[in-house]
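Since the structure comes first, as structure tokens, the remarks are kept for the end.
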2 protein chains.
Amino acid sequence: MAEKVTIATVARHAHVSRQTVSNVINAPHIVREETRQRVQEAISVLGYRANQAARQMRTGRSQLIAVRIEPTRDGINGSVLDRFLHGLTEAAETAGYRTLLYTAADDQQEIATYDDLLSAYDLDAFVLTGTDHGDPRTAWLAERGVAFVTFGRPWDDPTAHPWVDVDGAAGTARATAHLLTRGHRRIGFLGWPAGSGVGDDRRAGWRETLRAAGIDPTDLDRATEDGVAEGERLMRDLLVAAEPPTAVVCASDSLALGAMQAVRGAEPAVAVIGFDDTPVAAAIGLTSVSQPLAEAAASCVDLLTAVLDGDQQTPAPVLLQPSLALRHTA
Amino acid sequence: MAEKVTIATVARHAHVSRQTVSNVINAPHIVREETRQRVQEAISVLGYRANQAARQMRTGRSQLIAVRIEPTRDGINGSVLDRFLHGLTEAAETAGYRTLLYTAADDQQEIATYDDLLSAYDLDAFVLTGTDHGDPRTAWLAERGVAFVTFGRPWDDPTAHPWVDVDGAAGTARATAHLLTRGHRRIGFLGWPAGSGVGDDRRAGWRETLRAAGIDPTDLDRATEDGVAEGERLMRDLLVAAEPPTAVVCASDSLALGAMQAVRGAEPAVAVIGFDDTPVAAAIGLTSVSQPLAEAAASCVDLLTAVLDGDQQTPAPVLLQPSLALRHTA
DNA sequence: TATCCAAATTGGATCGTTCAAGATGGCGAG
DNA sequence: CTCGCCATCTTGAACGATCCAATTTGGATA
């Protein structure tokens, strides 16, 4: 293995001092152009790369961002976070950061991990996914002045910290509007029990769109835990109503898949629209609301760099618009 | 924010020297029991955590493992690597390592990233997924004495480096055997063009099992690129043969999904078995060969720790057995 | 030509840890 | 009683970068 190339090696090679090399890297403007080029050449000739550990010891910054990876959850919806993770890694890389993964069983353990990562690895920032009402994690981080962004709104106070989110209500609204233009009037909704920010948001988009069209959403709304079997059960329940729906909007592809199974072979066909545009939806031709996950991830990195570069303490949140991936179930 | 707790803080608090604290952490056996306990107590009282950057500067080890995350590939099969990643992160964590992500467009760029990660972050090891014949990446790493494990066999030389893999041939063999016990005799195979290690392996399991049962596999074999549409096309092609198959084993769930679409409504039903047990398979009730991904990830970490702790240069490879997730397509 | 100022460069200290070598004290053998 | 040995603990130096203060250089000015 070739011997280690340090900043001193570069300095010798370019006939300058260590500090000048450091300046070329961190503050090029204070170095004379001619010197700068000579050093740059030495750097590339020798293949020099600053040792992060040494830099970090002086500066306290590691160029590392941490993201939690959840234990393989629901097989269908789990892919959403994975796609977000892909986008995040790419965006972070172009911004000069690397992505570190960690796991945690619950909020308390996650906070312990923050502590560990911060003191052991000097992490620069955290990206949290899926915050809920009164999240202890964001409070802990904010209290200690740690930089972080959440993918998902803080439902209590939208100005509490930087966040990126996708407008779920707009998504279900778009889905509902699409069904309305196709002539559907009785459009049901399968969602989650009230109380979760995300679930309530998605339900609201459907409800308000129906109301705006002069349709009473009451009796067309069903809620339960997420899952295919649950979706099927809810849909059957909707179908036996006095005036069964001719279409249904769902809060997830899991629920939508269940709904599809419940209406299989029905005449006339019942339209179904899911949420998240998962691979399952694409595979079986399920129309679904699609979140711009790569864009969301890039926005997270943008906000983080804004915070880390000290430009702003709390950059403006980003709310992205979903689109409708049209397939043949609606 | 509380002031930083360093090894010196602990030393003062326990009335010993820095080095003794270091010894308590790294070589407890050379410290007197009484002293050890006193130091340990100081550590937990102060909440001390060794600073990785500083440690790394002396030891050259970072307790960091790197894994590549691919740009969101095929929506259906992509989840396999994601599930592996989940398992890997968990296993690495319990072994005292953290997982770092990186992306790369091609092999050459990936090698450049190795170089970067090694010199900038002093990475301890790499986990590679999906190696192919004559992989330049493994050669590069081996040449420099970098520790790494591949998830996937080195098809050229099984002793080239440590690896973990799932026995794909055993998987398709098991699927084929299952179909045979269900009375099927003409069992087709949809796979990838010859040349890819994984694809050839999966095909071999099916072929040899048929041969062992006295059935000639010729004419029952089809190959193409992966994808749902391709699977459907291949299956239609198989069906118009002189003696069409009554069942088919596929090299992926994508192909299997295509096959299912091709035989939809056929009487008698044509049995279909996929490979990878993806969420899509679970969602639509497709019987599929299931890889023990969490176990594979854990094995990777085991091999890595064996290499990193210097126990062995090339620990014995691990070949895991897949199982058959029975659902209602076979 | 001497003086001064700003820009560019230099050397030394420092971050927190581990390594290498040295100091201390107790104990048994000679 | 003294020596050497072992177990235990302490001291000084080093890893590779950046920060700080001091110094040199080049060019403009008097």
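Only the coordinates and a few stated rules stand behind these numbers; no lab work does. These numbers were taken from a predicted model, which means no experiment stands behind them. Every residue, glycine as well, gets a Cβ built from its backbone with ideal geometry; the counts of neighbours run over all protein chains shown.
Can you tell me the orientation of helix B:107-121 relative to chain B, as the angle in degrees between its alpha-carbon axis and the longest Cα principal axis, to the nearest 10? With rounding to tens, the tilt is 20 degrees.
Just to confirm a number: summing +1 for Lys and Arg and -1 for Asp and Glu over residues other than A:Val318 whose beta-carbon lies under 14 angstrom from that of A:Val318, what do you get?
Taking every Cβ under 14 Å from that of A:Val318, the sum is -3.
Under the shape rule built on the C-alpha gyration tensor, where the axes satisfy a ≥ b ≥ c, the protein assembly as shown is oblate, since a/c reaches at least 1.5 while a/b does not exceed b/c. With respect to chain B, whose longest principal axis is taken over its alpha-carbon atoms, helix B:168-181 is tilted by about 40°. Considering only A:Val263, A:Val198, A:Val31, the Gaussian network model of chain A with Cα springs below 10 Å gives its largest mean-square fluctuation to A:Val31. Counting neighbouring Cβ atoms within 10 Å and putting the fewest first, the residues B:Ser196, B:Ser254 line up as B:Ser196, B:Ser254.
Its Cα gyration tensor gives segment A:1-94 an equivalent ellipsoid, and the semi-axes of that ellipsoid, as √(5λ) in whole Å with the largest first, are 39, 14, 13. Between copies, the label points of B:Arg236, set 7 Å from Cα on the Cα→Cβ line, lie 3.6 nm apart, reported in increasing order to one decimal in nanometres. Of the GluC sites (Glu not before Pro) found in segment A:156-236, the ones in coil according to DSSP and having at most 13 other Cβ atoms within 10 Å of their Cβ are A:Glu225. Take every pair of alpha-carbon atoms less than 8 Å apart whose residues are at least six positions apart; their mean separation over the length of segment A:160-302 yields a relative contact order of 24 percent. Placing a label point 7 Å from the Cα of B:Thr181 along the Cα-to-Cβ direction, the distances to the matching points in the other copies come to 5.4 nm, shortest first. Other residues lying with their Cβ under 12 Å from the Cβ of A:Gln40 contribute a combined charge of -1, Lys and Arg counting +1, Asp and Glu -1.
What distance in nm lies between label points placed 7 Å from Cα along the C-beta direction at B:Asp237 and B:Thr181? That separation, rounded to one decimal, is 3.2 nm. Choose one answer from B:Ile187, B:Ile43, B:Ile215: the residue with the largest mean-square fluctuation in a GNM of chain B with alpha-carbon springs under 10 Å. With Cα springs under 10 Å in chain B, the top fluctuation among B:Ile187, B:Ile43, B:Ile215 is at B:Ile43. Shape summary of segment B:128-285, radius of gyration then Dmax from alpha carbon positions: 17.2, 59 Å. As a length-normalised measure over Cα pairs under 8 Å and 6 or more apart, the relative contact order of segment B:151-208 settles at 38 percent.
Rounded to the nearest 20 debye, the dipole magnitude of the protein assembly as shown is 840 debye, with +1 charges on Lys and Arg beta carbons, -1 on Asp and Glu beta carbons, and the Cα centre as origin. What shape does segment B:261-330 have by the C-alpha gyration tensor, where a ≥ b ≥ c are the square roots of the eigenvalues, rounded means a/c under 1.5, and otherwise prolate means a/b greater than b/c and oblate the rest? Prolate shape, in that a/c is at least 1.5 and a/b is the bigger ratio.
Just checking the listed ones, B:Gly183, B:Gly47, B:Gly197: in the Gaussian network model of chain B with Cα springs under 10 Å, the one fluctuating most is B:Gly47.
Tally Lys and Arg at +1 and Asp and Glu at -1 over the other residues with C-beta under 11 Å from the C-beta of A:Asp107: what net charge comes out?
Residues near A:Asp107 contribute -2 overall.
Here the Kirkwood formula, the inverse mean of 1/r across different C-alpha pairs, assigns segment B:122-214 a hydrodynamic radius of 15.0 Å. Think of segment B:106-189 as a dipole: +1 on every Lys or Arg Cβ, -1 on every Asp or Glu Cβ, centred on the Cα centre; then among B:Ala112, B:Ala173, B:Ala160, B:Ala173 lies furthest on the positive end. The mean of 1/r over all distinct Cα pairs in chain A, once inverted, gives the Kirkwood hydrodynamic radius of 22.5 Å.
For A:Val318, B:Val249, B:Val10, which order do you get if you count the other beta carbons within 10 Å of each Cβ and list the fewest first?
Ascending Cβ contact count within 10 Å gives the list A:Val318, B:Val10, B:Val249.
Taking amide H as placed 1.01 Å from N in the peptide plane, A:Leu324 has its amide H under 5 Å from the amide H of A:Ser290, each at least 5 places away in sequence or on another chain. Only DSSP H runs of four or more residues enter the estimate; each adds -39500 (n - 2.57), and after division by the residues of chain A the mean residue ellipticity at 222 nm equals -14500 deg cm²/dmol. Taking Cα centre as origin and charging only the Cβ of basic (Lys, Arg, +1) and acidic (Asp, Glu, -1) residues, the dipole magnitude of segment A:57-151 rounds to 340 debye. Starting from the label point of A:Pro71 at 7 Å along Cα→Cβ, the same points in the other copies fall at 3.5 nm, in ascending order.
Have a look at A:Thr99, A:Gly191, A:Ala142 and report the one farthest towards the positive end of the charge dipole of segment A:85-193, computed about the Cα centre with Cβ charges (Lys/Arg +1, Asp/Glu -1). Of the candidates, A:Gly191 comes out farthest on the positive side. With Cα atoms as the point set, segment B:21-76 shows a radius of gyration and Dmax of 18.6, 59 Å.
For chain A, the longest principal axis of the C-alpha atoms and the axis of helix A:33-46 are separated by about 70°. Placing +1 on the Cβ of every Lys and Arg and -1 on the Cβ of every Asp and Glu, with nothing else charged, gives segment B:15-80 a dipole about its Cα centre of roughly 260 debye.
For segment A:277-317, a/c is not less than 1.5, where a ≥ b ≥ c are the root eigenvalues of the C-alpha gyration tensor, and a/b tops b/c. That puts it in the prolate class.
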